[in-house]
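Only one structure is covered here, and it is reproduced in the block below.
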Amino acid sequence: HPLDKELVQLSSASSANRNLHGGANKVIFDRSAFCIFLVAEYKAVQPMYGASTRDFCLLEAGYISQLLMMECPDFDLGLCPIGGMDFEPLREDFALSDSQEMIHSFMGGGISEEQKGQLIQTMPQGDEEPLPTVSLTDTLKEWLHQSLPEYMVPYLYVQLPGLPLTANGKIDRKALPAPDLSRASSQTAKPATELETRLLRLIQERLKNEAIGLDDDFFDIGANSLDMVQLFNAVKAEFQRKVTVADIFSHASVRKLATLLAQAPKETVSDVSSEKKTIVPQELDAEQIDQLTKNIDNLSEEEIELLLIEFGEN
């Protein structure tokens, strides 16, 4: 049982026998004391991984298998991965549904001190330099970086035992817990120039987060695309520098943006008079904000500005 951490008897009899295996595995079965089957419940992870559900289950099974094989010798047990068995006769024993599949199996039993010593010798020793570990967050980030631009890759990740679902079986987004944004900031360095000081204060006010530091990425601390457009308007009004919406997206920290502003030319009177109308964020109603938020990541800089002007004229 995954919560009670105890074995639950599913059947008083078992269909397991040596004939379910082929070749040398029959001999291993005869010498084994128990079998372990890793069963995936696709329905539990399908809402998150879609067509890649089975691939992610196989990946997780690999992690579990490695952990089991490393820890078992401490309990005088050994495990042997087994493939190519006929599992169908055992499905009824496990009362599996159509959404469940056995994806990896072991046969195991007690081991001698000699066998235990041999296994331990193949594992990293305590005086060896430990292998670097990669967190789930870092793994997800690396994978998302392969298909998404930098500003669209999430920084905060919340692990859940399962996704909340509506009565229709869809993900209930309103029931998802809000991430702890206070942990995202790494405020250490202090502003070194008046420009950094003014810009830091402006961004803290606009993003409603006083914990923002000089090197915190705006998207990492919860800003979205609409926030960045609003920030663009605020920066233009405060510093009168020639910058674009794309500049704000590609310089998404106080330090980077301050460096950009320090090098950007000042706007002249003719520049200001010839620019398109700037829309104050409060002028957008709820429907317009929702439309802009859903589409802005797919729009060019020119399309964003035209859309803002269109909203302002309505």
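The values are calculated or read from the model by the stated rules, or taken from the named source; none is laboratory data. On a predicted model such as this, the values are computed, not experimentally measured, just so you know. FYI the Cβ positions are ideal-geometry reconstructions off the backbone, even for glycines, and counts take in every protein chain you see. Just so you know, the surface numbers come from the protein's heavy atoms only, side chains and all, with ligands and any DNA or RNA stripped out. Shrake-Rupley method; radii C 1.70, N 1.55, O 1.52, S 1.80 Å.
Some points to look at:
- Built amide H within the under 5 Å cut-off of residue 241, gap 5+: 267
- Residue-wise HN-Hα couplings along the stretch 136-149, as the Karplus relation 6.51 cos²θ - 1.76 cosθ + 1.60 with θ = phi - 60° gives them from phi, are 4, 4, 5, 5, 5, 4, 4, 5, 5, 4, 6, 10, 10, x Hz; Gly and Pro carry x.
- Solvent exposure of the stretch 1-60, expressed per residue, is 75 Å² of accessible area, with all protein chains present and a 1.4 angstrom probe.
- 3J(HN,Hα) from dihedral phi, the stretch 61-76, Karplus parametrisation 6.51/-1.76/1.60, rounded to Hz, x for glycine, proline: 4, x, 4, 4, 4, 4, 4, 4, 5, 6, 8, 4, x, 5, 10, 6
- By accessible area, using a 1.4 Å probe on protein heavy atoms only, the stretch 1-90 has 57% of its surface on carbon and sulfur.
- Per-residue ³J(HN,Hα) for the stretch 254-264, Karplus 6.51 cos²θ - 1.76 cosθ + 1.60, θ = phi - 60°, Hz, x for Gly and Pro: 4, 5, 5, 5, 5, 4, 4, 5, 5, 9, 6
- Put simply, the amide H of residue 264, placed in the peptide plane, has no neighbours under 5 Å, leaving out anything fewer than 5 places away on its chain.
- Prolate/oblate/rounded label for the stretch 1-87 (Cα gyration tensor, a/c 1.5): prolate
- Listed peptides 21-32, 202-213 by packing density, highest first (mean Cβ within 10 Å): 202-213, 21-32
- FRET efficiency estimate (nearest 0.05) - Cβ-Cβ, residue 9 to residue 70, R0 30 angstrom: 0.60
- Once the C-beta distance of residue 240 and residue 175 is scaled by a Förster radius of 45 Å, the resulting FRET efficiency is 0.50 to the nearest 0.05.
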